[in-house]
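Reading through the structure tokens given below for one structure.
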Amino acid sequence: MTDISIYKTITITHKTSNLKQISDYVVMGNNDNLQELLLQLKEEFGFGELLYLSTCNRVLYLFTTPKKLIELLQNVFYRL
């Protein structure tokens, strides 16, 4: 049985951000390299699984990791 605490989600929508800022969270690529970019993202952050959804007004990342979400976010912002 899988521990549900490994499932994490980050969602950016038109309700939490303006539409111009949403594009900052979109993985930019075409059909040829989008899978490669997502695999790089998965490896960089050590995700077990990664689901990515991008629409006109939202970006969603659903992933599995034993790490706490705050640890992941601190690592991302530390790099900026």
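General remarks:
- Backbone HN-Hα couplings from phi across segment 55-62 [Karplus 6.51/-1.76/1.60, Hz, Gly and Pro as x]: 10, 5, 9, 7, 10, 10, 10, 10
- Prolate/oblate/rounded label for segment 4-79 (Cα gyration tensor, a/c 1.5): oblate
- C-alpha long axis of helix 34-45 to longest principal axis of the chain, angle in °: 40 degrees
- 0 to 90° range, to nearest 10: angle between helix 69-79 axis and the chain longest Cα axis: 60 degrees
Throughout, read-outs are computed from the coordinates displayed, never taken from laboratory work. Please read these numbers as outputs of a predicted model, since none were measured by experiment.
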